[in-house]
Each structure stands twice: as structure tokens, then as C-alpha cells.
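Below: one structure, written as C-alpha cells.
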Amino acid sequence: MGLLEGVSGHESLKKLSAEQLATLAQEVRDKIIETVSTNGGHLSPNLGVVELTIALHRAFDFSRDKIVWDVGHQCYTHKLLTGRCGVFHTLRREGGISGFPRREENPADYFNTGHAGTSISAALGFAKARDLAGEKFDVVAVIGDGSMTSGLSFEGLNNAGSHNTDIIVVLNDNEMSISPNVGALSKHLNRIISGEIYNRVVKDVDVLLGKIPAFGKKMAGLSHLLEEAVKTVIKGLFVPGGHFEDLDFRYFGPIDGHNIQFLEETLEKVKKLGGPRLIHVVTRKGKGYVHAEEKSGPFHGVSAFDVSTGKKAAPSAVSYTELFGRAVVELGEADEKIVCITAAMPDGTGLVEFAERFPERTFDVGIAEQHAVTFAGALAAAGYKPVVAVYSTFLQRAYDQVVHDVCNMNLHVIFAIDRAGIVGDDGSTHQGVFDVSFLRSIPNMVVMAPKDGAELREMLRAAARHDGPISVRYPRGAAAEISSTPAPVETGRGELLREGTDILLCALGHPVGGALEAARMLERDGISAAVINARFAKPIDAPLIGKWAKKCGCLLTVEENALQGGFGSAVFEALRSAGLGSIPGGSSGVPDAFVEHSTQESARKRFGLDAEGVRQTALKILRGVAPAKPVG
């Protein structure tokens, strides 16, 4: 048995020697690489923080002290060190442990995370709760340099600094490698700053300046200015993190994030100081696995791969993301007013080719979705046609901006919403199952979803022609191939794919394929099912849906979105407005619960969104409508 299997928390880690810690770090890396190569997950971020996490667990006791991981996609070592080594092989598997921190999973996971920028605000909340309760423990937020671009991070820093709260922020900077010279200088500076010399100098300045006679208000003011000037000079000499110091954080760094002993030494010294403190740690993403070191971006979040070669299985079909990337390049070639905006996700959203072709028309704003949407609104107001490419789960972060800075002015912003619907293994924080509900309630917004890859292209063309806010949502994974020659998309017009007489299956987006297959299965049951590809969740094609719902006598809507306020709700609202509220039926979609990690296929089956599930729900509706009718 290796060292890793015998480690569980602070006390067991403190017993290990320097040599054993190096061995432990290697065992952790081996375990992470082995598991992620099979299950998929976040590889580069986790390999980069192995030593940092070990040092944190040696310096702090997280059975008492609190740690909050920003995003949480770098928490695998933390999981391994807190009693989850034996179940780590279940990572991101249905019924297994999550790829992110989960309060329900382990007492050492104090706050569920999955989105960027939340750690400092959450840590401040824990610190304030501690102070109010009169308790004593340390609170640590671990945040990456990418997450520092989030406005929420600066809100947390500003508030923590203004309160002078005892809190420690560890800034994990993995955008550069640390050289031996920088490392040596860093050690020297940090021993000065975290030790007694710097603090003694500041104290002596206070005492010295306190002895200067302050004759009248004018001299008192000059004395204060002199004090601040001297402290600024000292800070400039000793502290390279002036930006954080200006926010009233004591800054320490940058330091080598792969030196466990020095990390622990710094953490031990810093935690004895009071007030807000920030430790700047430099790490290398993917450290210890050559393929991830050389290509940290592609190995940030990966599917299963071969450890020896680093190669992933070739995709069986082109993805919606790839098709979007091609289509938006076509739009850009045809119209120089097309510009694209991404919030630190050019690869994930498929904008790499557009950025290469039109660099001056591509804007990566960092992890700042709120800014991205307001920025897009102003571009639209100035006559451009901005395409905001964003994951569904991250668009949630900019809801107010969609309402206030786009829809309220009826501005022509195109929202290309990737990963809409069931996303899968990343779990509850990443499922894109709320966008239909929160977008269709906003005046002026158009919401559409393609049944397949070819229709996605047509919808993007329609979005470019539209005059006002418009969104197209499409799922993660391989694009469906239902029609090679889709009809041009007209706003608010659905598409009849199959006639029928017994029940209407009306689906939006990805579930259209399952509805068609369910109709074929129902035909074998002696049931004639009509199928409509709704195309739009707003505006609803009430004439088409109403006509066929009335003809069939009952209706089943199908969507990959929350049922509350979703597409099904919109359809039945439209039918009631058209005087067809008496038509019986039901809706299939995501229930009033967060979707936990599993495969997309498993989740769709669980919620009755696969073909068999649609068939079974249709049969139940038909039995309720005509109990005497033989329906299988």
C-alpha cells in the first residue's frame, strides 16, 4: 500500500517527512492521471496544484479551518487527502463522487462550487460568521488567475479589505513558469515580508512619525501625508503586489507553488498575521504529465484518453460547437458587422477559427459574462451585430445585463448558447436546463433551438437577419443529422415533420430526434403520432401546434429544460390564449431538481427524454384520454 491510501487530513500529513511528501505528490499525480484518463475530467488544473494542496493541508486543519475552492475544478488532490482515495475511481460517474466540491459528499467540502469568482465572497461569509459567533479558525480561499478576471472576485476583495477581516486568499497563478532566479528572489522577499523585518520597519515608521510635532491642522495634515508616503515607499520596495495592497490586503509573493516545504513555511507565517492576506503562488498547469504540460489548454477538461500517448478517441461525428464555429465564420465573411465575444472560452465555444480569420472582430473579455453582455449591447447600439458565444450555465451569470442592457433597448445581440440542456458528467452546476425559462420571460427576446446540425446553421443565418435580441440554444456533443436540406427558418414558425391522428408530439431542439423515433415505435403499437419540430420556444407557433393538437386530440411536449416556465408551459399558455385550453396532454422535461453528474444518455433516460421514455409518456396520456382504447 502506498502513502496515499494511509493519508486522511491534517494530522496524518504532518507526520510525513520531506522525502515522503515528494513520494505522496507523485502518487497523487499518478492517481489523478489514471482516473481522469478513464473517466474524463479536469486534468491540467489538478496536476498544477498537487504540492499547493498538500502544503495547505499541512498548514491548516480543514476539519476545523475552512477552505473554499474557486470553480472547484482543481479539488482532486483535496478529495484524495480527505478520505476519498478509496472511491476516487468513481469520479464523475453516476452515483460516485463529483468532479467539484460538494457539501453533501464530505465535511471538508464547505461550499459547493462550479462557477468562477465565488470563492472570496464565500470565504468572507464564513469569516464573518466565525467572528459573529466568537469562534477561532482560519478561512482560506484558493482562486486561479483566470477567476480573478471575474467582477465578483473584485467585489469580494474590496469588501474583505474594507472590513479588515481575517481571511487568507491564495492566488494560484498558472499562466507562467517560475524560473530558478525568480524563485530564489521570491523566497528571499517572502521571508522578509512574512517575517519580522518588514513589519518592524512599518511599526518603527509609525513610532518615529508619531514623535513629529503637529502644530495646527496644517502640520497634522503634512505629518499624515508624510506617513503615507513613507509607507508607500516601503511597500514599493518590499511588496510587488501593490494592487492588492491598495485593496488593504497584505501581499506575499510570488512564490514557487511546487515547493511544499517553502509553501508550508510561508503559510504558517502568514496565518499568524491578522487582517486580509493574499499569497501569490505560481504553478504550472499539467505539471508531471508531459502531454498536459505541453498542451495545458486541451487537457484542461478532457474526455477519456490514452495515458502513454495523450491521445483522445476521435469523435464519431462533428459537434454542434464545431458547426457553430464554421457557421459564424460564414456569417463573418458575408457581413463585416458581425463581431464575436467570448468570456474566456474561445476553444470551448468554437470561436478559434473566427478569431484567426477576424482577430480585430473577436473579443475575449475574460471570465466576465456580465461585462460581455453589456459590451455586446453597446456594440449593437453602435450598429454592429455581436454574437455572444457562451455556455448556458454561464449565461445565468449575466441575466440582469440581458434584461437591462440588451432586451430593454431591443438591441440586436445574438446569443449562441452552447451546452444547453443535459450536459452530463460535470454535474449540477453545469447543466444548461434553465435558459428557456429565464429567457422567454424577457420582452423582445426570441428563443430558438435546432433539431440538428444543419438547422443550427439556418438559425444562425436567421439570427443575423433578425432585428432585436435573439438566442439559439444547442446541446453538448455530436450534432444530430435529421435533415440534410432544412427549410429556411422564419421567426416564430415551427415545422411539421410527421402527420398523425392520435397524439401530437411537439419537441424543441435535441429531443426532436427522440420524438420522431418514439412516433415510429408508437406506430408499431398501433398509435398514429404527429411530430412537430417547434423550433421556437418564443414566439410559439400557436397556429401550427393548435391545429395539430386539435386534430390529434391530445398533446405531449418534450424539452431539455426545466419544466417550470419552460417550453411546455409556453405551449399550453399559447393554446389557452387561442381558446384550445381543453386539449388534454402533458410535458416531458427536467423536473424541479438539480441534475447530478451522469452521462447525458443516462440522465435523458431517467427523465423520460429518450425515445422509449417519450413513447411511455405518450401511452400514459392516451390511456388517460381514452381508457378503453387498446394502446399496447
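Values quoted throughout were computed directly from the atomic coordinates according to the rules given, and no laboratory measurement underlies them. Note that this is a predicted model, so its numbers are computed, not measured. Cβ atoms come from the backbone with ideal geometry, glycine included; neighbour counts cover every protein chain shown.
For this structure, a couple of remarks:
- With the simple spin-label model, which puts each label point 7 Å out from Cα in the Cβ direction, the residue 90 to residue 15 separation comes to 2.6 nm.
- With Cα atoms, 0 to 90° folded angle of helix 119-133 axis to the chain main axis: 60
- The H on the amide N of residue 561, modeled in the peptide plane, is under 5 Å from the matching H of 590, each at least 5 residues off or on a different chain.
- Averaged over residues, the count of other Cβ atoms within 10 Å places the peptides 256-269, 367-380 in the sequence 367-380, 256-269, highest first.
- Backbone geometry of region 135-142 corresponds, through the Karplus equation with coefficients 6.51, -1.76 and 1.60 at θ = phi - 60°, to 3J(HN,Hα) couplings of 9, 10, 6, 8, 10, 10, 10, 10 Hz, x marking Gly and Pro.
- Difference of contour (0.36 nm per residue) and Cα-Cα distance, residue 487 to residue 135: 120.2 nm
- Residues residue 308 and residue 410, FRET efficiency given R0 of 56 Å [Cβ-Cβ distance, rounded to 0.05]: 0.50
- Label assignment, Rg/Rh (Cα atoms, Kirkwood Rh) derived from the structure, set (i) 1.05; (ii) 0.98; (iii) 0.94: (i)
- Cα→Cβ-extended label distance, 7 Å offset, between residue 103 and residue 577, nm: 3.9
- Pairs beyond 24 Å (Cα-Cα), from 451/605; 271/295; 14/128; 550/605; 31/287: 271/295; 14/128; 550/605
- Phi-derived couplings, Karplus 6.51 cos²θ - 1.76 cosθ + 1.60 at θ = phi - 60°, listed residue by residue for region 448-454: 10, 8, x, 7, 7, x, 5 Hz, with x used for Gly and Pro.
- Karplus (6.51, -1.76, 1.60) ³J(HN,Hα), θ = phi - 60°, over region 496-504, in Hz, Gly and Pro reported as x: 7, 9, 7, 7, x, 10, 9, 7, 9
- The chain: calculated mean residue ellipticity at 222 nm from DSSP helix runs of at least 4, using -39500 (n - 2.57): -12500 deg cm²/dmol
- 5 angstrom amide H check on residue 363, placed H, neighbours 5+ away: 340, 341, 342
- Nearest-ten-degree value, helix 320-334 long axis tilted from longest Cα axis of the chain: 90
- Principal-axis tilt of helix 180-194 within the chain, Cα atoms, nearest 10 degrees: 70
- For residue 251, distant residues with modelled amide H under 5 Å away: 278
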